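The values are calculated or read from the model by the stated rules, or taken from the named source; none is laboratory data. The shown structure was predicted, so the numbers you read here are calculated from the model rather than taken from an experiment. Methodologically, a virtual Cβ is constructed for each residue, glycine included, from the backbone with ideal geometry; neighbour enumeration extends over all protein chains shown. The area values use the complete protein model at the heavy-atom level, side chains included, leaving out ligands, DNA and RNA. Shrake-Rupley method; radii C 1.70, N 1.55, O 1.52, S 1.80 Å.
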Amino acid sequence: AGATIERKDAHLDLCSTASVEPSQNDSLLSCVQLVHCAMPEMALEEVVLSTSFFGKTIRAPLLVCGMTGGSKRAERVNRALAEQAEQHGLAFGVGSQRAMIEDPQCASSYAVRDVAPKTVLIGNVGLATAASIGVDGVRNLMDEIDADAIALHLNAAQELTQPEGDRDFRNGYRIIESLARCLGGRLLVKETGCGIGPRVALRLFDSGVELIDVSGLGGTSWVRVEQFRASGVAADVAEHFASWGIPTAAAVASVRRAVGDRLTIVASGGLRTGLDVAKALAVGADLGGMALPLFRALEAGGPERVDQSIRVIVAQLRQALLLTGSRTPQELRQSPVVITGALSDWLAGLGSASVGDGLGNDCL
Ligand code: FNR
């Protein structure tokens, strides 16, 4: 457990200061233009942001994505962010719970129910760990922190960049099928900054998954984070994969097109403002998610800074809905958008995979 916890604290150090976002606009949200409505015909207070998620109602379609746990420092981060999420009625995720499997003593660093009694709380485990602890083990992770759901994270690019990381990614769908069979609508499958594309999304759907977080390219890059920790050959290999992945906007739009309304889609990866959230919703997401900006707000100015950041984000989102003439996130999804530049190239390139294509073993 010691090694896992030390690695987690090193990750937090790097994420708080280093340049872990390789370049701006990789999310391609800058290629989504919302269309102004000069005659909104509604009052700002008529905009309704509340959204249902894992059987609860949250006050805005926003998730504080899973980041950390294990150490004392991680515990402080989890508690402070969970408390803010509760106060603003947002969903909250803890980071990978692997450390508490290795050392049950650090379970308290994930236990935030006392400061977030009502809101949606999501546990977190990696695919390989889930395979080794099985469905009952995963269910225990949820129960121990009284979570509403569990996020299963996929991170092949990060693993390949870690000297101690996994090298064998076989049987993933089989593991997910067995988890989905038992957990059903309490399972969220997420990437960690490289994106989920339409083919994988369709196979996840066929495996019984109902919710995904595309966690696309454009924000925190785990290849970049691991590159800072790596040396020699590993660091040089990583250098060229720091911008590897499906841009968040391309992932959301292509997956929505492929699956219709069959999946709940969270968009994360490089969302930095309420306007970014609005753009993600407009191209097909049900919720937006953020990790790095809220962690950095906490590091820079404590809970007050997080509080202010969330207020700004929600106000921007509300304003974007009014200015597009949308009363609800659903109406925003129906409103016109203009897709420009690289994003339209991506969408053309990703083609028109859709449910029932019989995609066999393709893994793109
Ligand atoms: C993460 N992320 C993450 N994801 C996950 O499934 N398990 C984890 O333990 C972590 N840990 C973690 C730590 C830190 C410090 C950050 C910033 C992120 C990834 C996170 O959940 C999310 O998918 C993306 O980071 C969202 O993009 P932005 O907002 O960080 O660009």
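Computed quantities for the displayed model
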{"quantity": "Pair list, Cβ < 8 Å and 6+ apart or interchain, from segment 208-223 residues that are within 9 Å of ALA267 (Cα to Cα) and in a loop (DSSP other than H, G, I, E, B) to residues that are among the acidic types (Asp, Glu) and at pLDDT 95 or above", "calculated": "VAL214/GLU191; SER215/GLU191; GLY216/GLU191"}
{"quantity": "Matching strands (runs of 3 or more DSSP E) fully within segment 236-342 where at least 3 residues are in contact (Cβ under 8 Å) with a residue 12 or more places away in the chain and within 13 Å of the ligand (Cβ to nearest atom)", "calculated": "287-290"}
{"quantity": "Candidates GLY216, GLY232, GLY197, filtered to the one that is away from the ligand (no atom under 15 Å from the Cβ), within 28 Å of SER19 (Cβ to Cβ) and open to solvent by less than 10 Å² (accessible area, probe 1.4 Å)", "calculated": "GLY197"}
{"quantity": "Residues satisfying the stated conditions in segment 222-270, i.e. out of contact with any Cys (no Cβ under 8 Å at 6 or more places or on another chain), modelled with pLDDT of 95 or more and under 23 Å from LYS8 (Cα atoms)", "calculated": "GLY269, GLY270"}
{"quantity": "Candidate set: segment 31-54, residues that are assigned to a helix (DSSP H, G or I) and touching a residue at least 24 places away in the same chain (Cβ under 8 Å); chosen: the one farthest from the ligand (Cβ to nearest atom)", "calculated": "GLU46"}
{"quantity": "Filter pass, SER221 being hydroxyl-bearing (Ser, Thr, Tyr), within 17 Å of GLY126 (Cβ to Cβ) and within 14 Å of the ligand (Cβ to nearest atom)", "calculated": "no"}
{"quantity": "Single residue of segment 127-138 satisfying the filter (open to solvent by 10 Å² or more (accessible area, probe 1.4 Å) and in contact with a helix residue (DSSP H, G or I) (Cβ under 7 Å, 6 or more places away or on another chain)) that is farthest from TRP222 (Cα to Cα)", "calculated": "VAL135"}
{"quantity": "Test set (1) in a loop (DSSP other than H, G, I, E, B); (2) under 18 Å from GLY284 (Cα atoms); (3) open to solvent by 30 Å² or more (accessible area, probe 1.4 Å) - PRO22 fails condition number", "calculated": "(2)"}
{"quantity": "Check on ARG181, away from the ligand (no atom under 16 Å from the Cβ), of a type in the set (D, E, K, R), in contact with a Phe, Trp or Tyr (Cβ under 7 Å, 6 or more places away or on another chain) and in a helix (DSSP H, G or I)", "calculated": "no"}
